[in-house]
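**Student:** This is the structure I have questions about; it appears just below.
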Amino acid sequence: MTILLGQNLSRPAAGPAAVTPAAAVTGRPSEGSVHSWDLSTGVDGPGTRFVTFLSGCPLTCLYCHNPDTWRMRNGKRTSADDVIAEAAKYTRFIAASGGGATVSGGEPLLQPVFAGELLHRMKHELGLHTALDTSGFLGVRATDALLRDVDLVLLDIKSWDPGTYRKVTGRPLAPTLDFAHRLADLGKEVHVRFVLVPGLTDDPANIEGVASFAGSLGNVSRVDVLPFHKLGEGKWQALGREFTLHDTPSPTPEQVAHARAVFAAQGLTAV
């Protein structure tokens, strides 16, 4: 469930406190391109979360339900101070739910300095549990310092088969797997996300591959098997883009249960 906060980011604020090394050196306010923020329950990490959606993404996933986040220029230039001030309004409510703050997108690692400052301040100024929601494709942009401020990584592994991955995203799979190995080496907690799309990602060998890989890492505490849906189709149409999965059905409950069982067979908690 997502609770929209009813804002359109129309009021960029003056500069934030110097938190990141870049801000400390230059004295310039840290700003980024932000699509929106909201309060979310159950889909962006544990508990109620303050979720900041950054604009810009290097992937063009066929089933993306937020294609309006793909281009950074379509976001609102916003200061870190403005985001932190908004999140601070809800910290007591968030803490009571066992929740936290999630930086999402788009792809937040397209703006690693800004994302890093948000995570740092959410964690150290507001005392919130932090999560980074990423495809991992730009994992090389996540510095060790940024990852130290991340309590949980929500990692999308969209396919195990490289050809299917490229068909789904337009990009290669290898950078995501490399980032997953790095997170495992760091002992960083990960929730893997896998979207089950009939006729695209539901091949048994593909599901087995993702499950086996996730099970081998040792730091994956949960797998979300997400049924494909077409709730974002209207956004594609509004943007003048063809939604090529228009005739693709959502998976049946039995198909979803089977996929979760494959992950569970690897000793993983699958929901």
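All of the numbers you see were taken from the coordinates with simple rules; none came from a lab. Treat the numbers as computed from the prediction; the structure is a model and nothing was measured. Neighbour counts are summed over all protein chains in view; Cβ atoms, including those assigned to glycine, are modelled from backbone coordinates with ideal geometry.
**Student:** Placing +1 at every Lys and Arg Cβ and -1 at every Asp and Glu Cβ, with all other atoms neutral, what dipole size does region 22-264 have around its Cα centre, in debye to the nearest 20?
**Tutor:** Around 440 debye, computed over region 22-264.
**Student:** Can you run phi through the Karplus equation (6.51, -1.76, 1.60; θ = phi - 60°) for region 135-140 and list ³J(HN,Hα) in whole Hz, with x for Gly and Pro?
**Tutor:** 7, x, 4, 9, x, 5
**Student:** Measure nothing fancy, just the Cα-based angle from helix 112-124's long axis to the longest principal axis of the chain, in degrees from 0 to 90, nearest 10.
**Tutor:** Helix 112-124 and the main axis of the chain meet at about 70 degrees.
**Student:** Let me ask you something else. State log₁₀ I(q)/I(0) for region 159-200 at q = 0.14, 0.29 Å⁻¹ as given by the Debye formula over alpha-carbon point scatterers of equal weight, solvent excluded.
**Tutor:** -0.38, -1.04
**Student:** Determine the calculated [θ] at 222 nm for the chain from helices alone, applying -39500 (n - 2.57) to every DSSP H run no shorter than 4 residues and normalising by the residue count; nearest 500 deg cm²/dmol.
**Tutor:** My calculation for the chain gives -9500 deg cm²/dmol from helical runs alone.
**Student:** Another question, then. So for the chain, taking the charge dipole from beta-carbon charges (+1 Lys/Arg, -1 Asp/Glu), which of Thr176, Val256, Met122 sits furthest toward the positive end?
**Tutor:** Met122
**Student:** A follow-up question, please. Taking the Cα-to-Cβ direction at Ser216 and at Ala261 and moving 7 Å from each Cα, how far apart do the two end points lie in nm?
**Tutor:** Rounded to a tenth, the inter-label distance reads 2.5 nm.
**Student:** A further question on this structure: Using the 4.7 Å Cβ rule, please list in number order the cysteines from the chain without any candidate partner.
**Tutor:** Lacking a cysteine Cβ partner under 4.7 Å: Cys57.
**Student:** Lys and Arg at +1, Asp and Glu at -1: add these up for the other residues within a Cβ distance under 10 Å of Asn219 and post the number.
**Tutor:** -1
**Student:** To continue, here is another question. Among Thr269, Gly234, Leu152, whose Cα lies farthest out toward the positive end of the dipole of the chain, if unit charges sit on the beta carbon of Lys, Arg (+1) and Asp, Glu (-1)?
**Tutor:** Gly234
**Student:** Could you give the dipole magnitude of region 45-152 about its Cα centre, charging the beta-carbon of Lys and Arg +1 and that of Asp and Glu -1, in debye to the nearest 20?
**Tutor:** Charge dipole of region 45-152: 160 debye, to the nearest 20.
**Student:** All other residues with a Cβ under 11 Å from the Cβ of Val195 taken together, and with Lys, Arg as +1 and Asp, Glu as -1, what is their net charge?
**Tutor:** Summing Lys/Arg as +1 and Asp/Glu as -1 gives -1.
**Student:** Taking amide H positions as placed 1.01 Å from N in the peptide plane, with prolines and chain starts having none, which residues 5 or more places from Ala101, or on another chain, fall under 5 Å of its amide H?
**Tutor:** Phe50, His129, Thr130, Ala131
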